[in-house]
Amino acid sequence: MKILAIDTSCDDTSVAVVEKKNNQIKTISNIVSSQIKIHAPYGGVYPMLAKRAHQENLVPTLIQSLKKATLLKSVSILADRHRLTQKGKVKELEKNKILNKILEKDEILLEKTVKFLEKYEKPKIDAIAITNTPGLEPCLWQGINFAKALAFGWNLPIIPVNHIKAHLSVNWLTPVGSKSKIKNQKSKQIEFPAIGLVASGGHTELIYMPKQGIFKIIGSTRDDAAGECFDKTARILGLPYPGGPAIAVLAAKKESGIKNQELRVELPRPMLFSNDFDFSFSGLKTAVLYSFQSQKKSIKESQNYKIAMAKEIQQAIIDVLIAKTLKAAFHFNAKSIIAGGGVLANQELRRQFKIKSLKLKIPFFIPEKNLCMDNASMVGTEAIISNLKTTNWQKIKASGNLNI
Ligand code: KG4
Ligand code: ZN
């Protein structure tokens, strides 16, 4: 079974082909078209710019993905000739009327999609998986409308996918290039009940999974998400967007010859000992702001101060994420911990998570760094691993809020 998967939930346009064969799920292609350059000047994602960029990027990203999967084939001369017959023209007109309706609000995408469907044959895939929740609604709609147009044009079923579940399910993907039996069995080692942590730019969720395909939220952030905290505090320090990788780079550096007491930074670990599985990161952001504002100009502009601050911000977030996840794992007697989301691309977080879970003898699973970030391969994997139902393309709607 082959699935074409699409994700436009935030600022990345991604299209993947994922295959299930011999009880393994593999990525055949996974193309991500990043919008970082567009949003960097604003210090965050600007939804209407993201929506427009999705319109521009969806067809080229699809072409790239199908090409990589060797599924892109131009229509045959015979089929092309048939299009020009009277019967062919009527059929085409009817088809374009419906495509016009599906993409009526997305002019750029409409033109590109009609041309694409005329030029290329229906690829050998079985269904289209599309993220329909949660995310930025204008962005979600771009992907949904595009998926609808393809589903209609190719007469294929469509599978709506939850982006947060997909961030966890990508752990069941067989790693690329893995041939050894041991590695291929990675998926079988994830035992239930499991605790899942998703930390990204928009979400910080702790999820209890009693068995495959069942997700129950047990804790969430009450304000900012962990990734959002990285992004906002980076901005305070004058670092570029996205803030997570920028802080990580700085935190990995050594301060040189620190003597000055003023350069020491201590930040709170919000809700570390609270009696639940919730998070809160806005207080951390405020603490960074106050500390920054209270410093002399010469200090806050010094590289040493920024390094010390980056280390402390990163460690504060790491401490809370790991402690709360382990607490949940104990509470629910979890046999595995699985993690995902952009923040989990953080090298120091990955390292400390592995050490702590090893000490406590709870198997810890985490995708490769590029699969932690938004990508469509995770969407295809979730569609397959959770055995999601196909539906009629007319019925799919976007929902910005998380509803598990
Ligand atoms: O999952 P993702 O790609 O998109 C959302 O669904 O939000 O996550 C993006 C978030 C951003 O806030 C970014 O700063 C953060 O993940 N991030 C990182 C790192 N790489 C990306 N945070 C910390 N360390 C990193 N290396
Ligand atoms: Zn995400």
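The values are calculated or read from the model by the stated rules, or taken from the named source; none is laboratory data. Given the structure is predicted, the values throughout are model-derived calculations rather than measurements. Note that each Cβ is placed from the backbone with ideal geometry, even for glycine, and that neighbours are counted across all protein chains shown.
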For the structure I just gave you, tell me whether residue 272 is over 25 Å from residue 367 (Cβ atoms), over 16 Å from the mean Cα position of the chain (by Cα), outside the structural domain of residue 9 (by TED's automatic domain parsing) and within 14 Å of ligand 1 (Cβ to nearest atom).
no
Within region 253-260, can one find any residue that is at pLDDT below 95, in a helix (DSSP H, G or I), more than 20 Å from residue 323 (Cβ to Cβ) and over 22 Å from the mean Cα position of the chain (by Cα)?
no
Would you call residue 74 in contact with a Lys or Arg (Cβ under 8 Å, 6 or more places away or on another chain), on the phi < 0 side of the Ramachandran plot and among the small types (Gly, Ala, Ser)?
yes
Does region 294-301 contain at least one residue that is in a helix (DSSP H, G or I), among the basic types (Lys, Arg), in contact (Cβ under 8 Å) with a residue 24 or more places away in the chain and within 25 Å of residue 255 (Cβ to Cβ)?
no
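Only one of 31, 36 is modelled with pLDDT of 95 or more and within 17 Å of the chain's Cα centre (by Cα); which? Explain how you work it out, then say what you get.
Values: 36 fails: modelled with pLDDT of 95 or more.
The unique qualifying residue is 31.
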Residues satisfying the stated conditions in region 190-218, i.e. within 16 Å of ligand 2 (Cβ to nearest atom) and either surrounded by fewer than 18 Cβ atoms within 10 Å (Cβ to Cβ) or part of a loop (DSSP other than H, G, I, E, B) (or both):
200, 201, 202, 203, 215, 217
Take residue 42 and tell me if it is out of contact with any strand residue (DSSP E or B) (no Cβ under 9 Å at 6 or more places or on another chain), surrounded by 12 or more Cβ atoms within 10 Å (Cβ to Cβ) and of a type in the set (Ser, Thr, Tyr).
no
Checking residue 277 against (1) outside any helix (DSSP H, G or I); (2) at pLDDT below 95, only one condition comes out false. Which one?
(2)
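To keep it simple, each residue is scored yes or no on (1) within 15 Å of residue 391 (Cβ to Cβ); (2) within 16 Å of ligand 2 (Cβ to nearest atom); (3) of a type in the set (Lys, Arg); (4) more than 26 Å from the chain's Cα centre (by Cα).
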| site | (1), (2), (3), (4) |
| --- | --- |
| 72 | no, no, no, no |
| 84 | no, no, no, yes |
| 88 | no, no, no, yes |
| 94 | no, no, no, yes |
| 107 | no, no, no, yes |
| 110 | no, no, no, no |
| 113 | no, no, no, no |
| 133 | yes, yes, no, no |
| 145 | no, no, no, no |
Note: among 402, 344, just one is touching a Phe, Trp or Tyr at 6+ places or on another chain (Cβ under 9 Å), touching a residue at least 40 places away in the same chain (Cβ under 8 Å) and closer than 24 Å to residue 129 by Cβ, namely 344
Just one of (1) within 15 Å of ligand 2 (Cβ to nearest atom); (2) polar (S, T, N, Q); (3) more than 30 Å from residue 176 (Cα to Cα) trips up residue 377, so point out which.
(3)
Residue 271 vs (1) at pLDDT below 95; (2) not in a helix (DSSP H, G or I): all pass except (1)
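Is region 161-170 home to any residue that is within 18 Å of residue 2 (Cα to Cα), surrounded by 21 or more Cβ atoms within 10 Å (Cβ to Cβ) and either away from ligand 2 (no atom under 16 Å from the Cβ) or among the β-branched types (Val, Ile, Thr) (or both)?
Checked against the condition, which is being within 18 Å of residue 2 (Cα to Cα), surrounded by 21 or more Cβ atoms within 10 Å (Cβ to Cβ) and either away from ligand 2 (no atom under 16 Å from the Cβ) or among the β-branched types (Val, Ile, Thr) (or both), region 161-170 yields at least one hit.
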